[in-house]
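To start, the structure itself, in C-alpha coordinates.
The values are calculated or read from the model by the stated rules, or taken from the named source; none is laboratory data. Keep in mind it's a predicted model, so treat the numbers as computed, not measured. Note that each Cβ is placed from the backbone with ideal geometry, even for glycine, and that neighbours are counted across all protein chains shown. For accessibility, only protein heavy atoms count, side chains too; no ligands or nucleic acids. Shrake-Rupley method; radii C 1.70, N 1.55, O 1.52, S 1.80 Å.
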Amino acid sequence: MDGCETMTAEAAIPRIAVLIVAAGSGSRVADGDPLPKQYRRLGPASVLQHSVAAFVRHPWIAEVVVAIHPDHLELYQAAVLPDPKLSPPVRGAATRQGSVLAGLEALAATGSAHVLIHDAARPFVSAAIIDRTIAALVGGSEAVLVGVPVVDTLKKADATGAVVDTVPRDGLWAAQTPQAFAFNAILADHRAAAAAGRADFTDDAGVAEWAGRTVEMVMGDASNRKLTTSTDIDAARVTLETAEWARLADIRVGTGYDVHSFEPGEFVTLCGVEIPHAARLNGHSDADVALHALTDAILGALGDGDIGQHFPPSDQRWRGAPSRIFLEDAMRRLAARGGRLAHCDVSIIAEAPKVGPHREAMRARIADYCGITIDRVGVKATTNEKLGFVGRREGIAAIATATIRLPL
Ligand code: MG
(Lines give C-alpha, C1' and ligand atoms only; values in the text may rest on other atoms or scores of the structure.)
Protein backbone atom coordinates (compact mmCIF):
# COMPACT_ATOMS: atom_id res chain seq x y z
CA MET A 1 0.00 0.00 0.00
CA ASP A 2 1.45 3.36 -0.98
CA GLY A 3 -0.61 5.56 1.31
CA CYS A 4 -3.99 6.17 2.85
CA GLU A 5 -5.30 7.79 -0.33
CA THR A 6 -5.79 4.28 -1.63
CA MET A 7 -8.19 3.40 1.21
CA THR A 8 -11.57 4.36 -0.09
CA ALA A 9 -14.19 2.30 1.70
CA GLU A 10 -14.55 3.53 5.26
CA ALA A 11 -15.65 0.08 6.35
CA ALA A 12 -12.24 -1.26 5.32
CA ILE A 13 -10.47 0.90 7.93
CA PRO A 14 -10.24 -0.80 11.32
CA ARG A 15 -11.23 1.22 14.38
CA ILE A 16 -8.45 3.63 15.34
CA ALA A 17 -8.29 5.32 18.74
CA VAL A 18 -6.01 8.12 19.94
CA LEU A 19 -4.60 8.54 23.43
CA ILE A 20 -3.27 12.03 24.16
CA VAL A 21 -0.95 12.21 27.15
CA ALA A 22 -1.46 15.47 29.07
CA ALA A 23 -0.88 14.41 32.66
CA GLY A 24 2.31 16.40 33.27
CA SER A 25 2.47 19.27 35.74
CA GLY A 26 4.60 21.29 33.33
CA SER A 27 7.33 21.89 35.89
CA ARG A 28 9.99 22.28 33.21
CA VAL A 29 8.39 25.48 31.90
CA ALA A 30 9.61 27.26 35.08
CA ASP A 31 8.61 30.79 34.08
CA GLY A 32 6.60 31.65 37.17
CA ASP A 33 3.26 30.90 35.51
CA PRO A 34 1.70 28.03 37.47
CA LEU A 35 -0.49 27.00 34.52
CA PRO A 36 0.84 23.75 33.02
CA LYS A 37 2.00 24.19 29.44
CA GLN A 38 -0.71 21.98 27.89
CA TYR A 39 -3.35 24.39 29.22
CA ARG A 40 -1.63 27.60 28.07
CA ARG A 41 -3.32 29.56 25.29
CA LEU A 42 -1.94 29.38 21.81
CA GLY A 43 -3.92 31.82 19.64
CA PRO A 44 -7.60 30.95 19.81
CA ALA A 45 -7.27 27.72 21.81
CA SER A 46 -5.22 25.91 24.43
CA VAL A 47 -2.15 23.86 23.50
CA LEU A 48 -4.13 20.73 24.39
CA GLN A 49 -7.13 21.77 22.28
CA HIS A 50 -4.89 22.18 19.24
CA SER A 51 -3.62 18.62 19.76
CA VAL A 52 -7.12 17.22 20.32
CA ALA A 53 -8.50 19.05 17.27
CA ALA A 54 -5.80 17.64 14.98
CA PHE A 55 -7.08 14.14 15.70
CA VAL A 56 -10.84 14.56 16.09
CA ARG A 57 -11.06 16.28 12.70
CA HIS A 58 -9.12 13.47 11.01
CA PRO A 59 -11.67 11.30 9.18
CA TRP A 60 -10.08 7.95 10.11
CA ILE A 61 -9.93 8.56 13.85
CA ALA A 62 -12.91 7.03 15.69
CA GLU A 63 -12.19 8.04 19.27
CA VAL A 64 -9.89 10.34 21.24
CA VAL A 65 -9.22 10.18 24.98
CA VAL A 66 -6.91 12.39 27.03
CA ALA A 67 -4.98 11.24 30.11
CA ILE A 68 -4.85 14.17 32.53
CA HIS A 69 -3.36 14.91 35.93
CA PRO A 70 -5.94 14.02 38.62
CA ASP A 71 -5.93 17.65 39.83
CA HIS A 72 -6.54 19.13 36.37
CA LEU A 73 -10.18 18.24 35.67
CA GLU A 74 -11.36 21.87 35.82
CA LEU A 75 -8.44 23.05 33.69
CA TYR A 76 -9.26 20.33 31.17
CA GLN A 77 -12.93 21.27 30.99
CA ALA A 78 -12.05 24.92 30.44
CA ALA A 79 -9.40 24.14 27.81
CA VAL A 80 -11.01 21.48 25.61
CA LEU A 81 -14.09 21.76 23.41
CA PRO A 82 -16.61 18.90 23.51
CA ASP A 83 -16.65 16.68 20.43
CA PRO A 84 -18.61 13.54 19.57
CA LYS A 85 -15.32 11.66 19.11
CA LEU A 86 -13.89 12.84 22.44
CA SER A 87 -14.39 10.52 25.44
CA PRO A 88 -14.25 11.70 29.07
CA PRO A 89 -10.67 12.22 30.28
CA VAL A 90 -8.78 9.49 32.10
CA ARG A 91 -6.90 10.10 35.35
CA GLY A 92 -3.19 9.80 34.65
CA ALA A 93 -0.45 8.54 36.97
CA ALA A 94 2.79 9.90 38.44
CA THR A 95 4.84 8.88 35.38
CA ARG A 96 4.17 9.27 31.67
CA GLN A 97 4.35 5.50 31.33
CA GLY A 98 1.72 5.03 34.08
CA SER A 99 -0.57 7.57 32.44
CA VAL A 100 -0.34 5.76 29.11
CA LEU A 101 -1.20 2.44 30.75
CA ALA A 102 -4.23 4.05 32.47
CA GLY A 103 -5.38 5.46 29.14
CA LEU A 104 -4.93 2.15 27.33
CA GLU A 105 -6.89 0.31 30.02
CA ALA A 106 -9.73 2.84 29.59
CA LEU A 107 -9.72 2.30 25.82
CA ALA A 108 -9.59 -1.50 26.08
CA ALA A 109 -13.38 -1.84 26.19
CA THR A 110 -13.98 0.09 22.97
CA GLY A 111 -12.60 -2.55 20.62
CA SER A 112 -10.08 -0.43 18.76
CA ALA A 113 -7.71 -2.32 16.50
CA HIS A 114 -5.05 0.42 16.62
CA VAL A 115 -4.05 3.24 18.90
CA LEU A 116 -2.03 6.40 18.24
CA ILE A 117 -0.34 7.76 21.39
CA HIS A 118 0.47 11.47 21.23
CA ASP A 119 2.04 14.03 23.54
CA ALA A 120 -0.30 16.98 24.22
CA ALA A 121 2.69 19.32 23.98
CA ARG A 122 3.02 18.72 20.22
CA PRO A 123 0.08 20.87 19.02
CA PHE A 124 1.31 21.21 15.42
CA VAL A 125 0.94 17.56 14.38
CA SER A 126 -0.23 17.64 10.76
CA ALA A 127 -2.87 15.62 8.95
CA ALA A 128 -0.07 14.38 6.68
CA ILE A 129 1.82 12.86 9.63
CA ILE A 130 -1.36 11.20 10.88
CA ASP A 131 -2.01 9.88 7.34
CA ARG A 132 1.47 8.35 7.12
CA THR A 133 1.20 6.83 10.58
CA ILE A 134 -2.14 5.19 9.86
CA ALA A 135 -0.92 4.00 6.45
CA ALA A 136 1.98 2.18 8.14
CA LEU A 137 -0.36 0.57 10.68
CA VAL A 138 -2.92 -0.53 8.14
CA GLY A 139 -0.06 -1.73 5.97
CA GLY A 140 0.78 -4.28 8.64
CA SER A 141 3.21 -2.69 11.13
CA GLU A 142 2.40 -3.43 14.77
CA ALA A 143 4.53 -0.53 16.03
CA VAL A 144 5.13 2.78 14.23
CA LEU A 145 7.37 5.63 15.35
CA VAL A 146 7.15 9.14 13.88
CA GLY A 147 10.53 10.87 13.82
CA VAL A 148 12.92 13.03 11.86
CA PRO A 149 16.48 12.19 10.82
CA VAL A 150 19.04 13.96 13.01
CA VAL A 151 20.66 16.77 11.03
CA ASP A 152 22.85 18.34 13.73
CA THR A 153 26.34 17.01 14.32
CA LEU A 154 26.28 15.08 17.59
CA LYS A 155 29.02 15.46 20.20
CA LYS A 156 29.64 13.47 23.33
CA ALA A 157 31.13 15.44 26.23
CA ASP A 158 32.43 14.40 29.64
CA ALA A 159 31.35 15.86 32.98
CA THR A 160 33.72 18.83 32.57
CA GLY A 161 32.18 19.74 29.21
CA ALA A 162 35.16 18.54 27.19
CA VAL A 163 34.23 16.83 23.95
CA VAL A 164 35.32 13.22 23.98
CA ASP A 165 33.78 12.03 20.74
CA THR A 166 31.83 12.94 17.61
CA VAL A 167 28.91 10.55 17.28
CA PRO A 168 28.17 9.44 13.71
CA ARG A 169 24.62 10.52 12.95
CA ASP A 170 24.04 8.00 10.17
CA GLY A 171 20.81 6.18 10.93
CA LEU A 172 19.96 8.40 13.92
CA TRP A 173 16.41 9.74 14.23
CA ALA A 174 14.83 12.10 16.77
CA ALA A 175 11.60 10.54 18.01
CA GLN A 176 8.34 12.51 17.87
CA THR A 177 4.74 11.52 18.43
CA PRO A 178 2.28 10.11 17.55
CA GLN A 179 3.63 6.63 18.09
CA ALA A 180 1.16 4.05 16.89
CA PHE A 181 0.52 0.42 17.65
CA ALA A 182 -1.70 -2.59 17.25
CA PHE A 183 -3.86 -1.99 20.30
CA ASN A 184 -3.63 -5.39 21.96
CA ALA A 185 0.14 -5.50 21.43
CA ILE A 186 0.94 -2.20 23.14
CA LEU A 187 -1.53 -2.85 25.96
CA ALA A 188 0.18 -6.20 26.62
CA ASP A 189 3.64 -4.59 26.45
CA HIS A 190 2.73 -1.81 28.90
CA ARG A 191 1.16 -4.30 31.30
CA ALA A 192 4.27 -6.47 31.07
CA ALA A 193 6.60 -3.50 31.66
CA ALA A 194 4.59 -2.45 34.72
CA ALA A 195 4.60 -6.02 36.04
CA ALA A 196 8.37 -6.18 35.51
CA GLY A 197 8.84 -2.99 37.56
CA ARG A 198 10.12 -1.02 34.57
CA ALA A 199 8.88 2.56 34.93
CA ASP A 200 11.68 4.39 33.15
CA PHE A 201 10.60 4.36 29.49
CA THR A 202 10.37 7.85 28.02
CA ASP A 203 8.31 6.81 25.03
CA ASP A 204 5.98 4.01 24.00
CA ALA A 205 8.11 2.76 21.12
CA GLY A 206 10.72 2.07 23.83
CA VAL A 207 8.24 -0.21 25.60
CA ALA A 208 7.50 -2.04 22.34
CA GLU A 209 11.24 -2.40 21.61
CA TRP A 210 11.77 -3.80 25.10
CA ALA A 211 9.01 -6.32 24.37
CA GLY A 212 10.91 -7.39 21.24
CA ARG A 213 8.69 -5.83 18.60
CA THR A 214 9.85 -4.36 15.32
CA VAL A 215 9.22 -0.63 15.24
CA GLU A 216 8.84 1.07 11.85
CA MET A 217 10.10 4.64 11.44
CA VAL A 218 7.73 7.04 9.69
CA MET A 219 8.77 10.53 8.59
CA GLY A 220 7.60 13.36 10.83
CA ASP A 221 8.44 16.99 10.23
CA ALA A 222 10.27 19.77 11.99
CA SER A 223 7.09 21.74 12.70
CA ASN A 224 5.78 18.86 14.86
CA ARG A 225 7.96 20.12 17.68
CA LYS A 226 7.46 19.64 21.39
CA LEU A 227 6.72 22.74 23.46
CA THR A 228 8.89 22.40 26.54
CA THR A 229 9.93 25.87 27.68
CA SER A 230 8.07 29.19 27.84
CA THR A 231 10.28 30.30 24.93
CA ASP A 232 8.88 27.40 22.88
CA ILE A 233 5.34 28.50 23.73
CA ASP A 234 6.03 32.14 22.84
CA ALA A 235 7.61 31.07 19.54
CA ALA A 236 4.62 28.81 18.81
CA ARG A 237 2.27 31.74 19.40
CA VAL A 238 4.17 33.84 16.88
CA THR A 239 4.18 30.96 14.38
CA LEU A 240 0.44 30.51 14.71
CA GLU A 241 -0.37 34.21 14.59
CA THR A 242 1.87 34.77 11.56
CA ALA A 243 0.25 31.88 9.71
CA GLU A 244 -3.23 33.13 10.59
CA TRP A 245 -2.63 36.67 9.31
CA ALA A 246 -0.94 35.31 6.18
CA ARG A 247 -3.98 33.14 5.50
CA LEU A 248 -6.21 36.22 5.69
CA ALA A 249 -4.78 37.68 2.52
CA ASP A 250 -7.90 39.56 1.32
CA ILE A 251 -7.28 42.98 2.91
CA ARG A 252 -10.16 45.45 2.79
CA VAL A 253 -10.81 48.93 4.09
CA GLY A 254 -14.30 50.29 4.81
CA THR A 255 -15.48 53.74 5.82
CA GLY A 256 -18.49 54.94 7.79
CA TYR A 257 -20.02 58.35 8.47
CA ASP A 258 -22.81 59.35 10.84
CA VAL A 259 -24.42 62.44 12.36
CA HIS A 260 -26.79 62.84 15.27
CA SER A 261 -28.36 66.11 16.44
CA PHE A 262 -28.52 67.39 20.00
CA GLU A 263 -31.66 67.54 22.10
CA PRO A 264 -32.08 68.51 25.77
CA GLY A 265 -30.33 66.05 28.05
CA GLU A 266 -27.52 65.42 30.51
CA PHE A 267 -24.97 63.22 28.74
CA VAL A 268 -23.86 61.90 25.36
CA THR A 269 -22.71 58.34 24.64
CA LEU A 270 -19.62 58.14 22.44
CA CYS A 271 -17.79 54.85 21.77
CA GLY A 272 -19.85 53.30 24.56
CA VAL A 273 -18.68 55.89 27.13
CA GLU A 274 -21.22 58.21 28.79
CA ILE A 275 -19.87 61.77 28.96
CA PRO A 276 -21.69 64.42 31.04
CA HIS A 277 -22.92 67.25 28.76
CA ALA A 278 -25.56 69.96 28.58
CA ALA A 279 -27.35 68.03 25.80
CA ARG A 280 -27.86 64.49 24.59
CA LEU A 281 -27.85 63.03 21.10
CA ASN A 282 -31.16 62.33 19.45
CA GLY A 283 -31.67 58.91 17.89
CA HIS A 284 -33.70 55.74 18.09
CA SER A 285 -30.92 53.84 19.89
CA ASP A 286 -28.52 55.44 22.38
CA ALA A 287 -27.43 57.56 19.37
CA ASP A 288 -23.74 56.63 19.77
CA VAL A 289 -22.69 58.34 16.56
CA ALA A 290 -19.12 57.02 16.81
CA LEU A 291 -20.12 53.36 17.10
CA HIS A 292 -22.64 53.81 14.26
CA ALA A 293 -19.90 55.11 11.97
CA LEU A 294 -17.59 52.26 13.01
CA THR A 295 -20.30 49.63 12.46
CA ASP A 296 -20.86 50.99 8.94
CA ALA A 297 -17.11 50.94 8.26
CA ILE A 298 -16.96 47.21 9.06
CA LEU A 299 -20.14 46.44 7.11
CA GLY A 300 -18.76 48.46 4.21
CA ALA A 301 -15.52 46.46 4.16
CA LEU A 302 -17.60 43.28 4.15
CA GLY A 303 -19.84 44.59 1.37
CA ASP A 304 -22.73 43.66 3.64
CA GLY A 305 -25.18 46.56 3.59
CA ASP A 306 -25.30 49.16 6.35
CA ILE A 307 -26.51 49.62 9.89
CA GLY A 308 -29.89 51.00 8.79
CA GLN A 309 -30.55 47.90 6.69
CA HIS A 310 -29.77 45.43 9.49
CA PHE A 311 -31.35 47.52 12.28
CA PRO A 312 -34.15 49.63 10.73
CA PRO A 313 -34.93 52.80 12.73
CA SER A 314 -38.61 51.87 12.33
CA ASP A 315 -38.06 48.76 14.47
CA GLN A 316 -39.10 49.51 18.05
CA ARG A 317 -36.74 46.78 19.37
CA TRP A 318 -33.76 49.13 19.00
CA ARG A 319 -35.37 52.04 20.89
CA GLY A 320 -32.79 53.20 23.45
CA ALA A 321 -30.62 50.15 22.68
CA PRO A 322 -26.89 50.31 23.47
CA SER A 323 -25.11 50.67 20.14
CA ARG A 324 -22.58 47.99 21.05
CA ILE A 325 -25.14 45.45 19.81
CA PHE A 326 -24.88 46.91 16.28
CA LEU A 327 -21.09 46.74 16.39
CA GLU A 328 -21.11 43.23 17.82
CA ASP A 329 -23.50 42.15 15.06
CA ALA A 330 -21.05 43.47 12.44
CA MET A 331 -18.22 41.58 14.20
CA ARG A 332 -20.31 38.38 14.07
CA ARG A 333 -20.80 38.90 10.34
CA LEU A 334 -17.03 39.31 10.01
CA ALA A 335 -16.35 36.17 12.08
CA ALA A 336 -18.90 34.21 10.02
CA ARG A 337 -16.83 35.03 6.93
CA GLY A 338 -13.73 33.72 8.72
CA GLY A 339 -12.22 37.19 9.02
CA ARG A 340 -10.56 39.42 11.59
CA LEU A 341 -10.59 43.13 12.31
CA ALA A 342 -7.00 44.32 11.83
CA HIS A 343 -7.55 47.94 12.80
CA CYS A 344 -10.16 50.62 13.27
CA ASP A 345 -9.97 54.37 13.59
CA VAL A 346 -12.75 56.72 14.66
CA SER A 347 -12.76 60.51 14.33
CA ILE A 348 -15.33 62.43 16.39
CA ILE A 349 -16.15 65.91 15.13
CA ALA A 350 -17.67 68.09 17.85
CA GLU A 351 -17.25 71.52 19.45
CA ALA A 352 -18.16 69.96 22.81
CA PRO A 353 -17.94 67.93 24.98
CA LYS A 354 -14.18 67.44 25.14
CA VAL A 355 -13.28 63.91 24.05
CA GLY A 356 -9.59 63.89 25.05
CA PRO A 357 -10.06 62.94 28.72
CA HIS A 358 -12.20 59.94 27.63
CA ARG A 359 -10.11 58.77 24.70
CA GLU A 360 -8.43 55.82 26.43
CA ALA A 361 -11.73 54.63 27.92
CA MET A 362 -13.27 54.80 24.42
CA ARG A 363 -10.42 52.81 22.87
CA ALA A 364 -10.76 50.20 25.62
CA ARG A 365 -14.53 49.89 25.03
CA ILE A 366 -14.12 49.40 21.28
CA ALA A 367 -11.32 46.86 21.82
CA ASP A 368 -13.58 44.99 24.23
CA TYR A 369 -16.65 45.04 21.95
CA CYS A 370 -14.60 43.91 18.94
CA GLY A 371 -12.43 41.38 20.80
CA ILE A 372 -9.16 42.94 19.60
CA THR A 373 -6.17 44.44 21.38
CA ILE A 374 -6.26 48.15 22.15
CA ASP A 375 -3.23 48.87 19.97
CA ARG A 376 -5.48 48.19 16.96
CA VAL A 377 -7.96 50.92 17.93
CA GLY A 378 -7.62 54.63 17.20
CA VAL A 379 -9.96 57.32 18.56
CA LYS A 380 -9.43 60.96 17.60
CA ALA A 381 -11.42 64.14 18.00
CA THR A 382 -11.50 67.53 16.38
CA THR A 383 -13.70 70.61 16.47
CA ASN A 384 -15.20 71.97 13.26
CA GLU A 385 -13.67 75.45 13.83
CA LYS A 386 -17.18 76.77 14.63
CA LEU A 387 -18.22 76.14 10.99
CA GLY A 388 -21.42 74.51 9.84
CA PHE A 389 -23.92 72.52 11.95
CA VAL A 390 -21.18 71.05 14.14
CA GLY A 391 -19.72 74.53 14.63
CA ARG A 392 -23.15 75.82 15.65
CA ARG A 393 -23.29 73.00 18.26
CA GLU A 394 -26.36 71.45 16.65
CA GLY A 395 -24.95 67.93 16.72
CA ILE A 396 -21.94 65.60 16.50
CA ALA A 397 -20.51 63.88 13.42
CA ALA A 398 -18.21 60.84 13.30
CA ILE A 399 -16.08 59.27 10.59
CA ALA A 400 -14.64 55.74 10.92
CA THR A 401 -12.26 53.53 8.99
CA ALA A 402 -11.94 49.78 9.47
CA THR A 403 -9.37 47.42 7.98
CA ILE A 404 -10.52 43.83 7.84
CA ARG A 405 -8.74 40.66 6.73
CA LEU A 406 -10.64 37.83 5.07
CA PRO A 407 -9.49 34.46 3.73
CA LEU A 408 -9.07 34.49 -0.04
MG1 MG B 1 -26.68 56.78 13.62
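Observations, loosely collected:
- Here the contact order of region 248-406, divided by its residue count and restricted to Cα pairs under 8 Å and six or more residues apart, works out to 35 percent.
- Value of [θ]222 nm, deg cm²/dmol, for the chain, DSSP H segments ≥ 4, -39500 (n - 2.57) each, nearest 500: -9000 deg cm²/dmol
- Cα convex hull volume per residue for region 251-334 (Å³): 84 Å³
- Computing FRET efficiency as 1/(1 + (r/R0)^6) for E266 and L73, where r is the C-beta to C-beta distance and R0 is 60 Å, gives about 0.75.
- Residue-normalised accessible area of region 248-406, given per residue in Å² at a 1.4 Å probe: 47 Å²
- Between region 344-408 and region 208-254, the C-alpha centres lie 40 angstrom from each other.
- Peptide ranges 69-76, 127-134 listed from the most packed, as the mean C-beta count within 10 angstrom indicates: 127-134, 69-76
- q = 0.08 Å⁻¹, the chain: log10 I(q)/I(0) [Debye, one scatterer per Cα]: -0.61
- Computed from Cα atoms, the angle from the helix 183-195 axis to the main principal axis of the chain rounds to 70 degrees.
- Whole-Å distance, taken between Cα centres, linking region 282-343 and region 140-166: 58 Å
- Helix 47-56 vs. the chain, principal-axis angle (Cα, 0 to 90°, nearest 10): 70 degrees
- Rounded tilt (10° steps) of 289-302 against the dominant C-alpha axis of the chain: 50 degrees
- Label point at A199 placed 7 Å out along Cα→Cβ; residues across region 113-135 whose backbone nitrogen lies under 20 Å: none
- Other residues whose C-beta falls under 12 angstrom from the C-beta of I404 contribute a net charge of +4, scoring Lys and Arg +1 and Asp and Glu -1.
- Panel note: the C-alpha atoms of region 119-211, placed on their principal axes, show extents of 46, 36, 25 Å (largest first).
- Comparing V238, V289, I366 along the charge dipole axis of the chain, the residue lying farthest to the positive side is V289, per the Cβ-charge model.
- Projected-area average for region 49-92 over all orientations - Cα convex hull basis, square nanometres: 2.9 nm²
- Calculated SAXS-style log₁₀ I(q)/I(0) at q = 0.12 Å⁻¹ - region 248-406, Debye, Cα scatterers: -0.47
- For K386, the lysines whose Cα falls under 20 Å of its own Cα, not counting residues fewer than eight places away in the same chain, are K354.
- Relative contact order (%) - criterion: Cα under 8 Å, at least six apart; region: region 4-246: 23 percent
- Charge dipole magnitude, Cβ of K and R +1, D and E -1 - region 4-246, Cα centre, debye nearest 20: 220 debye
- Per residue, the average separation of C-alpha pairs within less than 8 Å and at least 6 apart gives the chain a relative contact order of 14 percent.
- The lysines whose alpha-carbon is closer than 17 Å to the alpha-carbon of K226, local same-chain residues fewer than 8 away aside, are K37.
- Global geometry of region 4-246, whether rounded, prolate or oblate, following the gyration tensor of its Cα atoms and the 1.5 cut on a/c: rounded
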